[in-house]
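Laboratory data are not the source of any read-out in this text; all were calculated from the coordinates shown. The structure presented is a predicted model; accordingly, all values stated were derived computationally and were not measured. Positions of Cβ are backbone-derived with ideal geometry, glycine not excepted, and every protein chain shown enters the neighbour counts.
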Amino acid sequence: MDAGEMDRETYERLIDLAMAVDGSLTRRCFLHVGGLSVIALSTLGSWLAAEASAPVLVLPQAKGLVLADPTKCVGCRRCELACTEFNDGKAAPSMARIKIARNMNFGPRGAFLGREGQGTWGNGLVVQDVCRQCADAACAAACPVQAIGAKSPANARVVDKSKCIGCRTCVSACPFRMMAVDEEVGRATKCTLCDGKPKCVEACPAAALRYVAWRELSRASTFRTRPVERRDA
């Protein structure tokens, strides 16, 4: 393909678009590379057209959210066990939709064994990571087979295992790293809110978790994010 085979206006628009993406490019660059640039721009145009025609994913708002108080968590991991026993029929903490173990670091020098470092010996803080039930769920948007959608009655973002192909694209897409993978079946999984009655909340012996309806979030008191400093007696 050469410039004569492409509509001049389209050609100019694609050049402007490419220059906007990469500020180091100039029109002289395209004159130097000639036909090759036109081929590349044509391909870019086709890709952009396909992206523009892709359906927009709209999910109904989740009915609620699990809130966590790290100042109360004792690190017993009962929530992880309750999660997998209810959702998977087995005790498999590594698959839990609430993440405790990865933030448990005990030692005077902080994080070790590849963990996150949010809880260290000295402050006794264990941070519980929970799914945000995002309005614009990155995991759902990234799934190439539309296997993640909202499921009633809680409208949680849930993986349809009959559609999931185990590509782990959702795992990479989640900015909070809250996706889990069942290695036995090769399928992704995530928080289901347990149909509006989260088992992690029910299992917590320290009342460090609670389920709050979205309509109540603005009135819900915010959990402390830092422990109260102890004073020497």
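What number does segment 130-220 give for Rg over Rh if you use C-alpha atoms and the Kirkwood radius?
0.99
Please give the FRET efficiency for D195 paired with V58, using the beta carbon to beta carbon distance and R0 = 25 Å, rounded to the nearest 0.05.
Values: r = 22 Å, r/R0 = 0.88.
Efficiency for this residue pair is about 0.70.
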Task: Stokes-Einstein diffusion coefficient of segment 64-216, Kirkwood radius over Cα pairs, 4 °C, 1.567 mPa s, in µm²/s - done: 81 µm²/s
- [ ] Can you grab the distance from the C-alpha centre of segment 56-85 to the C-alpha centre of segment 149-194, Å, no decimals?
- [x] 14 Å
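Full-extension gain between D88 and A206, please, as 0.36 nm times their residue separation minus the C-alpha to C-alpha distance.
Details: separation 118, 0.36 × 118 = 42.48 nm, distance 2.41 nm.
This chain segment gains 40.1 nm when fully extended.
Ranking request for peptides 151-157, 186-192: highest mean number of other beta-carbon atoms within 10 Å first, then the rest in descending order. Don't skip to the answer; put the middle values down first.
Numbers: 151-157: 18.4, 186-192: 20.4.
Order by mean packing, descending: 186-192, 151-157.
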- [ ] Could you sort 140-146, 71-77 so that the peptide with the highest average Cβ count within 10 Å comes first and the rest follow in order?
- [x] 71-77, 140-146
